[in-house]
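Q: One structure, as structure tokens, below. Some questions next.
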Amino acid sequence: MKLLKNKRLLVYIFCFSLIYVSSAQYNDTLYYPFVERFTEGSLETNSWTKEGDNWAISDDNGSPAPSMRFNGLPIIEGIYSYSLTSTWISLEDTELFPGIYLSFNLKIEAVTSNINSKLIVEILDDNEWKTIDIIYQEETNNQKIKYNLNSFITENFIRLRFRMVGINTI
């Protein structure tokens, strides 16, 4: 007889590069390029919004620490989809850049195998969320991920979203 333990999936999104914060023309608008390190210990610093209590800043993990983390506590029973979403990002002055990239370090601590858990990386462009990538739990661990966003962008303003989707965090 096997003893089943309460296990949960932890996903860490370490610091990532894309935009630098400026409070110029628009309130809560970020301007390209910048690096988000979550060092202020608050999502409000750069106007991130989160769904649910499972997204949190982790002072103990990161490359360098701190980092953003999605974990199984509080426990979510049934189907879930919780996102971490950036504010609007201005790309108006990007003609000097040969490409617009999103890069981040990703660490997955899967304490149990769950093929239903995944991280969906998305971009909002022209009022439509477009999927950049879907990362399944068993695909990667401690990896630097980089995406060229040029083929996804048609407007001068975008938003980024990291969405955790799955069934039961128990």
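Q: For ASP59 and SER42, compute 0.36 nm times the residue count separating them, minus their Cα-Cα distance, and round to one decimal in nm.
A: 5.0 nm
Q: What ranking, highest mean first, results for peptides 78-90, 37-49 when packing means the other Cβ atoms within 10 Å averaged over each residue?
A: With the highest mean Cβ count within 10 Å placed first, the list reads 78-90, 37-49.
Q: Report the label-to-label distance for ASN168 and THR131 in nanometres (one decimal), using points 7 Å from each Cα along the Cα→Cβ vector.
A: 2.4 nm
Q: At 0.36 nm per residue, and after removing the present C-alpha to C-alpha distance, how many nm does the segment from GLU92 to GLU109 gain when stretched out fully?
A: Once the chain is fully extended between GLU92 and GLU109, it gains 2.4 nm.
Coordinate-derived values only; no laboratory data. Just so it is clear, the structure is predicted and the values come from calculations on it, not from any experiment. Every residue, glycine as well, gets a Cβ built from its backbone with ideal geometry; the counts of neighbours run over all protein chains shown.
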